[in-house]
Amino acid sequence: MELELPESHRLLRQTVRDFCDKEVAPFARKWDEEERFPKEIVPRLAALGLLGIRIPEAYGGSGLDTLAYAVVVEECARVDGSLALTVASHNGLGTSHILRAGSDEQKQRYLPKAASGEWLAAWALTEPGSGSDSAAVQTVATRDGDDWIIRGTKTFITQGSVGGFCVVLARTNKDVTPQRGITAFIVDTGTPGFSASRHLEKYGCRSSDTVELTLEDVRVSDSQRLGEVDRGFRDTMNILDRGRVSIAAMALGLGRGAIEVAVKYANERQAFGKPIGRFDAVRSLLATARAELDAAAMLVYHASVAADSGKPYSREAAVAKLYASEAATRACNAALQVLGGYGYTREFPVERHLRDVKLCEIGEGTSQIQRMVIARSLVPKTD
């Protein structure tokens, strides 16, 4: 695939870039320092169609492809990793699960509100005792007539306290293999027993809402079940694949944003009678970062197209996330090095980008998990 995007996607990129430069960049530092989720930006995101990127027009969405989704996340991350995470998780996790496994009635109820920004989506898989081992779910859903009773704790849940609904993965059968005993449920966040019990203080992406959830005898009707009983893990793996594409795009945007700042600084900052950008040591840092980010872009866009091909794309998603996240971390670190002492201060956004990008090596599966996925596609294990 060529690095050059289709014209429609280039226009989308410019629209999102203009919006972020005007409506996000001037406030991102303040939001980060306050560790406050900026609710005021949500209607503006919705007005641009950025909260329903992949939702069909019939449900009020933009009906765009995964490549467009990646471009949007990338451009948001260029100025604010927290905003990119909000857009990525809303579109790629909660709403994506309903798109994949929801009934028409569920889609009619939730997707228009998600696209309009009335309800942000959360997705609850991770638990205090299960991270990389995503099938080790201990939250339990027990059948009670036409209802289900859900009990458990979830953690690292994005939009957990500001969302309108949350897709919760729970164990419904302990007598089968872990991967076959998990079911998904849509829980309205106002349901009795559902609560954000703890807000998590984070190293980066501080203005993205991240919480621990407690589900104490949460009662939902069977109509809130999302997909087949005991088969939710199969859908979960597909959701994670697309989520990895979005995290790769987020990393790409963070790296590019940091390098843009570094290039501008290198052209303006004087040392020894000339701009520091004329020194080979600085030029080497910038050149290496640019080369790696261009390579990462190819992988991200390739994985985005693969996601819509109808064929398996786990390896493409894992490769894109692994390479983009690690290349972007190196790029942000290089950008900070170019700025020197100023890069270490909050006067420039580079330190924030470096903090934010670290999440991309962890979320939706660590770099180590991505290597496992890639290796499995090459040399399957027999045990």
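Putting +1 on Lys and Arg Cβ atoms and -1 on Asp and Glu Cβ atoms, find which of SER130, PHE165, GLY94 reaches farthest to the positive end of the dipole of segment 93-174. Working it through, the farthest residue towards the positive pole turns out to be SER130. Multiplying the residue separation of ASP222 and GLN337 by 0.36 nm and subtracting their alpha-carbon distance yields 35.9 nm.
Converting phi to 3J(HN,Hα) with the Karplus coefficients 6.51, -1.76 and 1.60 and the offset θ = phi - 60°, segment 57-70 yields 4, 4, 10, x, x, 8, x, 8, 8, 5, 4, 5, 4, 5 Hz in sequence order, with x at every glycine or proline.
Calculated accessible area for the chain comes out at 43 Å² per residue, all protein chains present (probe 1.4 Å; ligands, DNA, RNA ignored). Once C-alpha pairs closer than 8 Å and six or more residues apart are averaged by separation and normalised to the residue number of the chain, the relative contact order reads 17 percent.
Amide hydrogen proximity for THR155: with H placed 1.01 Å from N in the peptide plane, the residues at 5 or more positions away or on another chain lying under 5 Å are THR126, GLU127, LEU213.
Taking amide H positions as modeled 1.01 Å from N, with prolines and chain starts lacking one, the residues under 5 Å from PHE165 and 5 or more places away or on another chain are LEU120, ALA122, THR189.
Spin-label model, ASP18/ASP294: points 7 Å from Cα along the beta carbon direction are separated by 2.8 nm.
Between amide H atoms placed 1.01 Å from N, distances below 5 Å from PHE194 occur with GLU216, all of them 5 or more places distant or on a separate chain. Here the 3J(HN,Hα) profile of segment 194-201, calculated from phi with Karplus coefficients 6.51, -1.76 and 1.60 at θ = phi - 60°, is 9, 8, 8, 7, 7, 7, 8, 8 Hz, Gly and Pro shown as x. Here the simple spin-label model places points 7 Å from the Cα toward Cβ, and for VAL229 and GLU57 these points are separated by 4.0 nm. Within straight-line reach of LYS311, meaning a Cα separation under 19 Å, sit the following aspartates and glutamates at least 8 residues removed in sequence or on another chain: ASP65, ASP235, ASP241. Nonpolar atom fraction for segment 189-344, defined as the carbon and sulfur part of the 1.4 Å probe accessible area, stands at 52 percent.
Each residue of segment 265-272 is assigned a 3J(HN,Hα), and the resulting list reads 5, 5, 7, 9, 6, 9, 8, 6 Hz, derived from the Karplus form 6.51 cos²θ - 1.76 cosθ + 1.60 (θ = phi - 60°), x at Gly and Pro.
Ordered by packing density, taken as the mean number of other Cβ atoms within 10 Å over each peptide's residues, highest first, how do 276-288, 105-117, 259-271 rank?
Working: 276-288: 14.7, 105-117: 19.3, 259-271: 16.3.
Ranking, from highest mean packing down: 105-117, 259-271, 276-288.
Axis angle, to the nearest 10 degrees, between helix 104-116 and the longest C-alpha principal axis of the chain: 30 degrees. Each DSSP beta bridge with both residues in the chain is either parallel or antiparallel, and the antiparallel ones are about 85%.
So if I place +1 on the C-beta of Lys and Arg and -1 on the C-beta of Asp and Glu, and nothing else carries charge, what would the dipole magnitude of the chain be about its Cα centre? I want it in debye, nearest 20.
Details: 48 positive and 50 negative charges, 161 e Å.
For the chain, the charge dipole is close to 780 debye.
Taking 0.36 nm per residue of separation and subtracting the Cα-Cα distance, what length does fully extending ARG278 through ALA47 add? Don't skip to the end; give the middle numbers.
Values: separation 231, 0.36 × 231 = 83.16 nm, distance 4.35 nm.
78.8 nm is the gain from fully extending ARG278 to ALA47.
Figure the gain on full extension for SER377 and ARG36 (residue separation times 0.36 nm, minus the Cα-Cα span) and round it to one decimal in nm.
Values: separation 341, 0.36 × 341 = 122.76 nm, distance 4.09 nm.
Full-extension gain reported as 118.7 nm.
Based on the mean of other beta carbon atoms within 10 Å per residue, what is the order of 141-148, 122-129, most packed first? Intermediate results must be reported in sequence, preceding the final value.
Numbers: 141-148: 14.5, 122-129: 22.0.
In decreasing order of mean packing, 141-148, 122-129 become 122-129, 141-148.
Mean projected area of the convex hull spanned by the Cα atoms of segment 227-383, taken over all viewing directions: 11.6 nm².
At what distance in nm do the modelled label points of GLU4 and GLN270 sit from each other, each positioned 7 Å from its Cα along Cα→Cβ? Distance between the two pseudo-spin positions: 4.0 nm.
Segment 321-351 and segment 1-60 have Cα centres spaced 22 Å apart.
The values are calculated or read from the model by the stated rules, or taken from the named source; none is laboratory data. Just so it is clear, the model here is predicted, and its values are computed rather than measured. Counting neighbours? That spans all protein chains shown, and the Cβs are built from the backbone with ideal geometry, glycine included. The area values use the complete protein model at the heavy-atom level, side chains included, leaving out ligands, DNA and RNA. Shrake-Rupley method; radii C 1.70, N 1.55, O 1.52, S 1.80 Å.
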